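Student: For reference, the structure I am asking about is given below.
No lab work stands behind these numbers, since they all come straight from the coordinates. Here the structure is a predicted model, which means the values were calculated and not measured. Here the Cβ positions follow ideal geometry from the backbone for every residue, glycine too, while neighbour counts run over all protein chains shown.
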Amino acid sequence: MALSETATLDLLLLTLGGFGVGAAGAVLAARRPGVSRWVGHACALIGAMAAFALGAAGLAGGTLDVMIPALLPVGGLSLGMDRLSAFFVLVIAVAAIPSAVYAIAYTRAYEGRYSLGGMGLGFNAFLAGMVLVVLARNVLTFLVMWEVMSLASYFLVMTEAEHRETQQAGWIYLVMTHAGFACLLIGFLFMAHETGTTNLSEWRAASATLSGPMRHAVFVLLALGFGAKAGVVPLHIWLPRAHPAAPSHVSALMSGVMIKVGIYGLVRLGFDWLGIGASWWGGAVLIVAAVSAVLGVLYALVEQDLKCLLAYSSVENIGIILLGVGAGMLFKSYHLDALASLALVAGLYHTLNHATFKPLLFMGAGVVVHATGTRNMEEMGGLIKRMPQTAAYFLVGSVAIAALPPFNGFISEWLMFQALLLSFQISVTGTNLLFALSVAALALTSGLAAACFVKAFGITFLALPRSEQAEQAREAPWMMRGTMAMSAVACLALGVAPVGLLRLLNVTAADLTGTYADVRFNWNGVVANNAFAVVSPLWIAVTLVSLLTLVPLALRVIGANAGWRAYETWGCGRAVQTARFEYTGTAFANPFKRVFGLLYRPVKELDIQFHPESRLFIETIAYRNEARSIFEEALYGPISRLVQWGAQRARIVQSGNVHLYLLYIFIALVVLLALAG
């Protein structure tokens, strides 16, 4: 039963009130860091819980319409909610709730070192900005809240600004996010001018008045702006720098939900604001999605920085989500509305799933980094014995992100495969080839993701400790472990019982495409396109649990020895095993570097130090095999050098001579008067 508009308004006020009190309370209590830490994040938790209720109410059919003309010029502050907005509010809340609880304990280590008042202010402003972006209903409201979200996240990334890598990460993030903002601003201005309205909800009907070239120009501009925020290749270069540099609870939000705001914009653009678009729009999104998915996981595979690996993995998952969005746009352009809804349901469900397991992984990584003092996996190892609960929760996140049952990543990727495979209903050879390549990209990505998280979990938690810090690591406080447990349970619940939410997402997709997906959802299984494919996540889970339970019982019944026998791991004939004999992350990734060497462009260095008395004896061997980014070298490197060259040449204009500056002003006035005349 849908809530009344008054009830949804109350939930919105509670949401914004929680964030507002959290921001103000954190600043006012800044002189007492412990109080500031609790007030800022506890109030953020209240706001996030209210946002969860608001999103759930909106998915159930609740609406919202808020207009405050005096608050902003050109249309005032305008907010509204349909099912798509409600879903993304829900996604934001799903990641914000555990992140806020986790932050209460996590930021204790920042007391006395950084301003917890500033962190609380930025955290609450960040959450409020994201919620208001997806609820915005006119151009100025959208752009103002977009900037609030971007600036708040920038200051959070710069928390540890004394580190050079943090400064560089913040600078690149600021440049990329404002380049994207410039594209959005120009695209919105074009659209508002051509349609005669700044009301976003009126654009779908008014978009028919746009000429073909203008529609294409608006699509490209807005897609670039939203794609930069989503972190698609090649606009992703800020993401693997900014996410690792931020505190882990902020990384969880940036990777789990902030980049999804870009997805929200792309869905609005492709299915709402511009109506039915050209087929090449969907094809372009599909190509970018496939490239992002494959390259994201390939770069994640060779990373030794645990948080950077997770950041590149987000590029991969954004690619998977956009496979659904791009396929839906293509199906829509061919008037296959039911297939468009299926692809969109798959993309939206993976959006929610990623917002569940990626914060879990970043929270686990934050615990590990605090316990070991390093993000380098080569200096970890053996943590499963010292941090068993953290290891278990990180394993759940790894299995979920690798799309293995019974966790949630499996069902959304299964739906994605069905949507892509059903493209044979389009009788255009080029389009069929594009879909075939997308299926291949998704299959390759799934396999590589499993390998990537075998490495992430194995190198981090298994074998022997590789450093003294790893040897002395201890389990996280109960609040952080409890938060990770909550996210792990959510991953299992969304994987075992997705039916209710999938039904709501089918209605959400139908609001945009006009037709429900041809999928039957029930507790026994999900049936796609008249039994084209069937899966039962609940029975898969029951089967796995039964096997894990019955096999030990069967062994006991037949008389197998069930006792424990403790013995050291077989050491290949060596009497003493040390961490130096372990399989390293570099060795694990080396086969991939060989196969995909064109993309990685690895730098290999071997430094051998001989004994001073004789070259027959070696003291140390240092081997470095680092991957390079082909986009940074081939695309952004030349752009950076060109900008620097132009800046050097432009310095002659800034001479320091006041008379010359007055001459510039005089010339500018003459030119303006001439143009006015």
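Student: Can you tell me how much longer the chain between Arg628 and Asn524 gets when fully stretched, taken as 0.36 nm per residue apart minus their C-alpha distance, in nm with one decimal?
Tutor: 32.7 nm
Student: Hey, could you grab the Kirkwood Rh for the chain? Inverse mean 1/r over distinct alpha carbon pairs, Å, one decimal.
Tutor: Kirkwood radius, the chain: 26.7 Å.
Student: Let me ask something else about it. Tell me, what does the Kirkwood hydrodynamic radius of the range 295-347 come to in angstroms if you use every pair of distinct C-alpha atoms?
Tutor: For the range 295-347, inverting the mean 1/r across all distinct Cα pairs yields 12.0 Å.
Student: Rounded, prolate or oblate for the range 110-170? Axes are the square roots of the Cα gyration tensor eigenvalues, ordered a ≥ b ≥ c, and the cut-off for rounded is a/c under 1.5.
Tutor: Oblate is the answer for the range 110-170, as a/c is 1.5 or above yet b/c matches or exceeds a/b.
Student: Any lysines with Cα under 22 Å of the Lys604 Cα? List them, leaving off those in the same chain fewer than 8 positions away.
Tutor: Correct list for Lys604: Lys455, Lys593.
Student: Does the range 379-519 come out rounded, prolate or oblate by the C-alpha gyration tensor, with a ≥ b ≥ c the root eigenvalues, rounded set by a/c under 1.5 and, if not, prolate when a/b is larger than b/c and oblate if not?
Tutor: Verdict is oblate for the range 379-519.
Student: Among rounded, prolate and oblate, which fits the range 631-676 when a ≥ b ≥ c are the square roots of the eigenvalues of its C-alpha gyration tensor, a/c under 1.5 means rounded, and a/b larger than b/c means prolate?
Tutor: oblate
Student: Here is a follow-up. Sorted from largest down, give the three principal axis spans of the alpha carbons of the range 589-677, whole angstrom values.
Tutor: 84, 37, 13
Student: Counting Lys and Arg as +1 and Asp and Glu as -1, each charge on the Cβ, what is the dipole of the chain about the Cα centre in debye, to the nearest 20?
Tutor: 680 debye
Student: Over the range 287-555, what portion of Cα pair distances is larger than 26 Å, expressed as a whole percent?
Tutor: 45 percent
Student: Please find the FRET efficiency linking Leu189 to Lys385, where r is the Cβ-Cβ separation and R0 is fixed at 60 Å, and quote it to the nearest 0.05.
Tutor: For R0 = 60 Å, the calculated efficiency reads 0.55.
Student: Based on alpha-carbon positions alone, could you give the equivalent ellipsoid semi-axes of the range 159-268 from the gyration tensor, as √(5λ), descending, whole Å?
Tutor: Ellipsoid semi-axes (Å, largest first): 32, 13, 11.
Student: Now for a different question. Taking 7 Å along the Cα-to-C-beta vector as the label spot, tell me the Ala560-Val428 distance in nanometres, rounded to one decimal.
Tutor: Those two pseudo-labels are separated by 5.6 nm.
Student: Per residue of the chain, what 222 nm ellipticity follows from adding -39500 (n - 2.57) for every DSSP H run with n ≥ 4, rounded to the nearest 500?
Tutor: Result for the chain: -22500 deg cm²/dmol, rounded to the nearest 500.
Student: What is the packing order of peptides 490-502, 238-250, taking the mean over residues of other C-beta atoms within 10 Å and listing the highest first?
Tutor: Highest mean packing first, the order is 238-250, 490-502.
Student: Continuing with this model, one more query. For the chain, what relative contact order do you get, as a whole percent, if you take Cα pairs closer than 8 Å and at least 6 residues apart?
Tutor: Relative contact order, the chain: 11 percent.
Student: Moving on. Return the distance in nm (one decimal) between the two label points of a simple spin-label model at Lys604 and Glu568, each offset 7 Å from Cα along Cα→Cβ.
Tutor: 3.4 nm
Student: Let me ask another. For the ranges 114-121, 426-433, what's the packing order if you count other beta-carbon atoms within 10 Å of each residue, average per peptide, and put the highest first?
Tutor: Highest-to-lowest ranking by the protection proxy: 114-121, 426-433.
Student: Which whole-number percent is the relative contact order of the range 287-555 (Cα, under 8 Å, 6+ apart)?
Tutor: The normalised contact order for the range 287-555 reaches 25 percent.
Student: If you average the C-alpha positions of the range 51-76 and of the range 407-429 separately, how far apart do those two centres end up, in angstrom?
Tutor: 34 Å
Student: Over the range 218-271, what is the mean sequence separation of C-alpha contacts under 8 Å (at least six apart), divided by residue count, expressed as relative contact order in percent?
Tutor: After rounding, I find 50 percent.
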